[in-house]
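Structure first, commentary second.
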């Protein structure tokens, strides 16, 4: 039972009202892999970096069950770099610098040992690149989770809709759901998106939690109220990784298990925001995650 995770491994420089960093390890696939590894191993990574990347971080990833055979290392080139500054509410941010570097011409190549994957995460890349990954697989995975963003809706909507038709779970935020469908009501938007092909839709609402939609079914998980939020970067990716890792660990893609997976992803995401970058994910234990999942359970339970 393997998870294949395709996406970005990068450097970030982040400024929030609570501090700032120089270059630190980031990238969607990094957060996703770390989060998924708490519930399931192996997690097989497909990405690209330059030879300037933090090799110590790669060693840490290997030790926790993340396989790196699909990670391309380009000699003499620089890794993808993003820098951003968050506003005080942490829901809005300004991108200061984006340097694609090795990502500009990235063509994912799945090693043979990856091609029997049952759980596939297609991170936020160009729809044509996501499609190329699906085309490399000899058989359809049990579950394909797709992430995307409004940028691809602006410039590659036709290609994006083709990829959406081939995924099982689409994970987007509320603004993206509205742009994709042209509908303000998230329930109406969800119904329209599910008609495009996915079995499930997850609409992330940042500090207001996440909505899960299936056929004639809906579930809401709030975000965990925290005393301190330092850096929201990677929270959505951590959520997706926790969700997929939990599903793979149970090998159950029913709506009831998806609900539990949403709680697992939300619990992990609530840790990520407590420190900058991936730092918190490298500190926590399975026992801490279970404890926070139990807090989530108490948060949403009520006898009527």
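A few points about this structure:
- Some residue of the stretch 250-257 being touching a residue at least 60 places away in the same chain (Cβ under 8 Å) and either farther than 25 Å from residue 169 by Cβ or surrounded by 20 or more Cβ atoms within 10 Å (Cβ to Cβ) (or both): no
- In this entry, residue 39 passes the filter for residues that are out of contact with any strand residue (DSSP E or B) (no Cβ under 8 Å at 6 or more places or on another chain) and surrounded by 16 or more Cβ atoms within 10 Å (Cβ to Cβ).
- Test result for residue 62, over 30 Å from residue 174 (Cα atoms) and over 21 Å from the mean Cα position of the chain (by Cα): no
- Only residues that are closer than 27 Å to residue 231 by Cα and in a strand (DSSP E or B) were counted across the stretch 69-85, and they come to 7.
- Only a single item in (1) modelled with pLDDT of 95 or more; (2) in contact with a strand residue (DSSP E or B) (Cβ under 9 Å, 6 or more places away or on another chain); (3) not in a loop (DSSP other than H, G, I, E, B) is not met by residue 198, and it is number (3).
Yes or no, residue by residue, for (1) in a strand (DSSP E or B); (2) under 14 Å from the mean Cα position of the chain (by Cα); (3) more than 21 Å from residue 198 (Cα to Cα):
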site	(1), (2), (3)
225	no, no, yes
229	no, no, yes
233	no, yes, yes
243	no, yes, no
287	no, no, yes
293	no, no, yes
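- Check on residue 180, on the phi < 0 side of the Ramachandran plot, touching a strand residue (DSSP E or B) at 6+ places or on another chain (Cβ under 9 Å) and part of a strand (DSSP E or B): no
- Strands (runs of 3 or more DSSP E) completely within the stretch 9-58 that count 3 or more residues being under 15 Å from the mean Cα position of the chain (by Cα) and over 17 Å from residue 231 (Cα atoms): 43-50
- The lone exception for residue 70 - which of (1) farther than 27 Å from residue 289 by Cβ; (2) at pLDDT 95 or above; (3) surrounded by fewer than 24 Cβ atoms within 10 Å (Cβ to Cβ) it fails: (1)
- Any hit, the stretch 42-59, residues being within 19 Å of residue 275 (Cα to Cα), at pLDDT 95 or above, buried (at least 22 other Cβ atoms within 10 Å of the Cβ) and touching a helix residue (DSSP H, G or I) at 6+ places or on another chain (Cβ under 7 Å): no
- Here residue 128 meets each of (1) more than 14 Å from residue 4 (Cα to Cα); (2) surrounded by fewer than 15 Cβ atoms within 10 Å (Cβ to Cβ); (3) at pLDDT below 95 with one exception, condition (3).
- Against the list (1) more than 17 Å from residue 7 (Cβ to Cβ); (2) outside any helix (DSSP H, G or I), the condition residue 154 fails is (2).
The values are calculated or read from the model by the stated rules, or taken from the named source; none is laboratory data. Everything quoted here is computed from the prediction, not taken from an experiment. No Cβ is skipped: glycine too gets one built from the backbone with ideal geometry, and neighbour counts run over all protein chains shown.
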